[in-house]
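*Asks:* One structure, as structure tokens, below. Some questions next.
The values are calculated or read from the model by the stated rules, or taken from the named source; none is laboratory data. Please read all numbers here as calculations on a predicted model, not as lab measurements. Here the Cβ positions follow ideal geometry from the backbone for every residue, glycine too, while neighbour counts run over all protein chains shown.
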């Protein structure tokens, strides 16, 4: 009985640590302040509000053809350095990796294009130190089959010949996401005043002139103040600002990737998951020892109990905006359970030998 109580208490503590801060229904961290003419993304922590991820997205899908190119124009003000990559605009077509990403890394502009043939799975270009904190920037990205041009405040900042944001995919049918990626793992911090998207290139016209067609998406945050939790139809037709944050593509048991092991955070997670799962694994092993004297049954029961608890933890993290389940976490939990079961196995054998 004491081991049963100890196991229940330890399992509860383990669940609490892995599900903290229990934000299963977090508020979307986007404040659309139309009175100020901007939408503020992912600044809850610095404003004293609970820090949760936030995004807005288009209700409909848009089609982009490589033969026609595209233009993406954003009026933005970065307000904080992202912890990693901060996604300004993502085109999500349902794939695990988006075909197009416009992002900020530190104070640099980064452009990513999905490319399965590339070693990393994408191609990238960027501009250094062009997104300083607190500075309003009019960013225009004009892409066609022969290359991509980047304009900052109407001036040509870079030209990337042979680098197209659309061409590698040919035709893209996707939903626009602002302020985050589809998984909710790469929030951008700052304010957006306006986003305009065309499904035609400007390559043959000056940047100050608009294409000869109306934009497929044009969102301007103006007029009266409006808080999060609305469909901003008046000024942003088709734009959805959800009241609660929910990734468009939640991650469930994310697959292992060799690139993850190049990050120091991954190794910290490995150590935490292995040794953090030892206490409950030891309790499960001792509890199994109360039920059977056979070593292999005790070993199997320990692994079974640890596996079930680990699956419960990872399944719960599927619904947490701030946590993401992965195969690596599950594997590390099993390693911790194996260590505890192995120690119990050899202790039992030594006890029999001493007798």
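*Asks:* Tell me which residues, restricted to the stretch 319-348, are modelled with pLDDT of 85 or more and either under 29 Å from residue 29 (Cα atoms) or not assigned by TED's automatic domain parsing to the domain that holds residue 274 (or both).
*Replies:* 326, 327, 328, 329
Listed here are the residues, each with its yes/no results for (1) farther than 29 Å from residue 36 by Cβ; (2) in contact with a strand residue (DSSP E or B) (Cβ under 6 Å, 6 or more places away or on another chain).
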residue	(1), (2)
142	no, yes
158	yes, yes
169	yes, no
175	no, yes
190	no, yes
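Every residue, every condition in (1) free of Cβ contacts under 8 Å to residues at least 60 places away in the same chain; (2) within 13 Å of residue 72 (Cβ to Cβ), yes or no:
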{"residue": "127", "(1), (2)": "yes, no"}
{"residue": "135", "(1), (2)": "yes, no"}
{"residue": "141", "(1), (2)": "no, yes"}
{"residue": "150", "(1), (2)": "yes, yes"}
{"residue": "158", "(1), (2)": "yes, no"}
{"residue": "167", "(1), (2)": "no, no"}
{"residue": "173", "(1), (2)": "no, no"}
{"residue": "176", "(1), (2)": "no, yes"}
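*Asks:* Here's something else I'd like to know. Any chance the stretch 190-197 includes a residue that's in a loop (DSSP other than H, G, I, E, B) and within 26 Å of residue 116 (Cβ to Cβ)?
*Replies:* Going through the stretch 190-197, the residues in a loop (DSSP other than H, G, I, E, B) turn out to be none.
Within the stretch 190-197 (the criterion being in a loop (DSSP other than H, G, I, E, B) and within 26 Å of residue 116 (Cβ to Cβ)), the answer is no, since none of the residues qualifies.
*Asks:* Inside the stretch 249-271, can you point out the residues that are part of a helix (DSSP H, G or I), out of contact with any helix residue (DSSP H, G or I) (no Cβ under 6 Å at 6 or more places or on another chain) and surrounded by 15 or more Cβ atoms within 10 Å (Cβ to Cβ)? Full working, then the answer.
*Replies:* Of the residues in the stretch 249-271, the ones part of a helix (DSSP H, G or I) are 258-262, 264-271.
Add one more test, that the residue is out of contact with any helix residue (DSSP H, G or I) (no Cβ under 6 Å at 6 or more places or on another chain), and what stays is 258-259, 261-262, 264-265, 267-269, 271.
Across the stretch 249-271, the qualifying residue is only 269.
*Asks:* Same structure, new question: Whether any residue in the stretch 116-123 is surrounded by 12 or more Cβ atoms within 10 Å (Cβ to Cβ) and either touching a helix residue (DSSP H, G or I) at 6+ places or on another chain (Cβ under 8 Å) or part of a strand (DSSP E or B) (or both) is what I want to check. So that I can check it myself, show each step before the final result.
*Replies:* Looking only at the stretch 116-123, we keep the residues that are surrounded by 12 or more Cβ atoms within 10 Å (Cβ to Cβ), and these are 118, 121-123.
Filter once more, keeping what is either touching a helix residue (DSSP H, G or I) at 6+ places or on another chain (Cβ under 8 Å) or part of a strand (DSSP E or B) (or both): 122-123.
Scanning the stretch 116-123 turns up at least one residue that is surrounded by 12 or more Cβ atoms within 10 Å (Cβ to Cβ) and either touching a helix residue (DSSP H, G or I) at 6+ places or on another chain (Cβ under 8 Å) or part of a strand (DSSP E or B) (or both).
*Asks:* Any residue that is surrounded by fewer than 18 Cβ atoms within 10 Å (Cβ to Cβ), modelled with pLDDT under 90 and outside any helix (DSSP H, G or I) - is there at least one of those in the stretch 77-87?
*Replies:* The answer is yes; a qualifying residue exists.
*Asks:* Can you give me the number of residues within the stretch 318-331 that are surrounded by fewer than 21 Cβ atoms within 10 Å (Cβ to Cβ) and part of a helix (DSSP H, G or I)?
*Replies:* Total meeting the criteria: 4.
*Asks:* Given the conditions (1) buried (at least 18 other Cβ atoms within 10 Å of the Cβ); (2) at pLDDT below 90; (3) closer than 30 Å to residue 169 by Cβ, which single one is not true for residue 23?
*Replies:* It fails just one condition, (3).
*Asks:* Run residue 138 past the list (1) more than 26 Å from the chain's Cα centre (by Cα); (2) at pLDDT 95 or above and report the number of the one that doesn't hold.
*Replies:* (1)
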